[in-house]
1. Keeping all protein chains in the complex and leaving out DNA, RNA and ligands, what accessible area do you get for Trp170 with a 1.4 Å probe, in Å² to the nearest 10?
2. On a 22 Å Cα-Cα criterion, which of the cross-link pairs Lys5/Lys240; Lys4/Lys348; Lys195/Lys240; Lys349/Lys375; Lys107/Lys194 come out too long?
3. Taking a cut-off of 24 Å, what percent of all Cα-Cα pairs in the range 9-320 are separated by more than that?
4. Testing the spin-label approximation: label points 7 Å from Cα along Cα→Cβ at Asn96 and Asn218. State their distance in nm.
5. Given a 1.4 Å probe, how much area per residue of the range 9-320 is accessible, in Å²?
6. Pairs of Cα atoms under 8 Å, at least six residues apart: use those to get the relative contact order of the chain, whole percent.
7. What FRET efficiency do you get for Leu285 and Asp232 if R0 is 45 Å and r is their Cβ-Cβ distance, rounded to the nearest 0.05?
8. Run the accessible area of the range 9-320 with a 1.4 Å probe and give the carbon-and-sulfur part as a rounded percent.
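The values are calculated or read from the model by the stated rules, or taken from the named source; none is laboratory data. This is a predicted model, so every value here is computed, not measured. Neighbour counts run over all protein chains shown; Cβ positions are idealised from the backbone, glycine included. Just the protein is used for accessible areas: all its heavy atoms, side chains included, with ligands, DNA and RNA removed. Shrake-Rupley method; radii C 1.70, N 1.55, O 1.52, S 1.80 Å.
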Amino acid sequence: MFSKKFQRKYALTDQGLKNTKKGTFWTVIVNLVVMGGVGILYLLTGSFMKTLTEGAPLPGAAVPAALTFLFLVLSFITHLQQYQATYGLVYNEVKNVRLSMAERLRKLPLGYFGKRDLADLTETLLGDVNRMEHVWSHVLGYLYGAYISTALVALCLFVYDWRLAIACLWGVPVAFGLLFGSRKIAARASRRTKKAALRASDGIQEALENVREIRAANQEDLYLERLNRKIDEHERIMTKGELGTGIFINAASVIMRLGVATTILTGANLILSGKIDFMLLFLFLLVITRIYAPFDQSLALIAEMILSQVSADRITELYETPAAGGSSRFTPNGHDIVFEHVDFSYDKKEVLHDVCFTAKEGEVTALVGPSGSGKSTCARLAARLWDVTGGRILVGGVDIQTVDPEVLLGDYSMVFQDVLLFDDTVLENIRLGKRGATDEEVLAAARAANCEEFVNRLPKGYDTPIGENGARLSGGERQRISIARALLKDAPILLLDEATASLDVENETKIQEALSRLLCGKTVLVIAHRMRTIEAADRIVVLSEGKVAEEGTPAELMGRNSLFRHMVDLQRQSAGWRLK
Ligand code: ADP
């Protein structure tokens, strides 16, 4: 129970928890061995004092030398073990945490990525884990080890002399009380710093992504000034936060050290009243030099632990977000897509209301409607990129919410507007459509998608790297790569988002040709913009404000005074106007 809470609090994996226990154990041993060294020093000084004061014979060198040697050997072995159990094992823990987080991210519903943007997630995977790495390696084992070993030593001190023990140790609980009392302040400062850091990194990422637009609009100065302000604000908030915690840490450290003064005062009094002898005070003074040492280290560490709590929480939150699960068996009866009374909201606001329609296998179903009417949302839901909030979606009679998204997506190809390309060659980017596809298969798909003509113009043909997210390709070229991927995959369901923007007429014809090869015999759901696609569709679903306004074949809808006919007329007029 305690273990689970501890593990959750510090975002540890199971292995990490075991390692921390190991680290704590070895820290206790190290601290006790060091105290043993103090004991040896005490014994040696005691016998010298006896020689000095009582004229006892000088002790032989053999025993102290043997003890010191033993101490050194023990010290070496235990420090080595401690090092391996803390620093050594932590690097594995960092790897494990990052891998399991990446694995987790893969399984999370896409809705999660809408809530946390890219800079935020990157910060968790890199920054937060880094911060926790320091806590795992430098803090947990050391701190908990210090608690235990100090408690043991304190127990011994009380057995020797409770008065001196109190004089020596009273500062420890007071110092820790002060630090824990200030925890809320520190945590608040830490959250504020984190937010400011995210704002700054968001700003930087945004600037890098939009550098072209910013330049084109001649907004560099204004933009840089805004970015500067965000960075300055981060610096200011961070300094303020660290100053705040710094004050508490130093105050705690000073209070703890007051113990030295009170021990001397109490000891002197006790000696004067004849209650103890000088050697006992000497023992306490020796111990005191060591007893604060682990705490000195841990005071700074506690501050770090408090500050890192925000990071730990962010990592834990990621682990605890429910994954989009489901059965790994998907055996649909055909591939008709049926929307049954589907409601959906991204956040609170419902954007689809009671949507019902069927996209039949072997047909092209076109979703049309004004911008913001919910077309893309329907396409995303059909592939379970999000889960519906009401109603259900069936594919071949199977409710897709019961199927593991990874398995489900095996039956889908998607050609969306925002084609995602990787910084690799053209060939590899197309091969992503089907794992293990041969070069011949990839080339055939590329040819069918009309990629040949632009690829031949690239310096190394299919082996040309295309830059980060296809920076070296035009919109139409990117889309053809994505069509080639879909052709290669040859999945029974195709979701298509037509982009009209940025395509010239020649490109459009080539894409149209490529698409017609792709559509054959599939269940096709297309977010249609082009009149040609719309008129050629088997079925039209007109969406308006998140509802199905009309449904039918193009001829049926054109035959009556429909919203669809009105839209077609409008588009014809504007197209005609453009031609003149
Ligand atoms: P269309 O594709 O017809 O232009 P969308 O499906 O993109 O329409 O959007 C439907 C509604 O959902 C719009 O009001 C839009 O603002 C909203 N919306 C779309 N995507 C998101 C999102 N990721 N988060 C919140 N709201 C969204």
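1. It works out to around 90 Å².
2. Exceeds cut-off: Lys5/Lys240; Lys4/Lys348; Lys107/Lys194.
3. Details: 31696 of 48516 pairs.
Of all Cα-Cα pairs in the range 9-320, 65 percent lie more than 24 Å apart.
4. 5.9 nm
5. Details: 16880 Å² over 312 residues.
Solvent-accessible surface per residue comes out at 54 Å².
6. Details: 780 pairs, mean separation 82.0, N = 580.
Computed over the chain, the figure is 14 percent.
7. On the way: r = 49 Å, r/R0 = 1.10.
Once rounded, the FRET efficiency stands at 0.35.
8. On the way: 11280 of 16880 Å².
Carbon plus sulfur share of accessible area: 67 percent.
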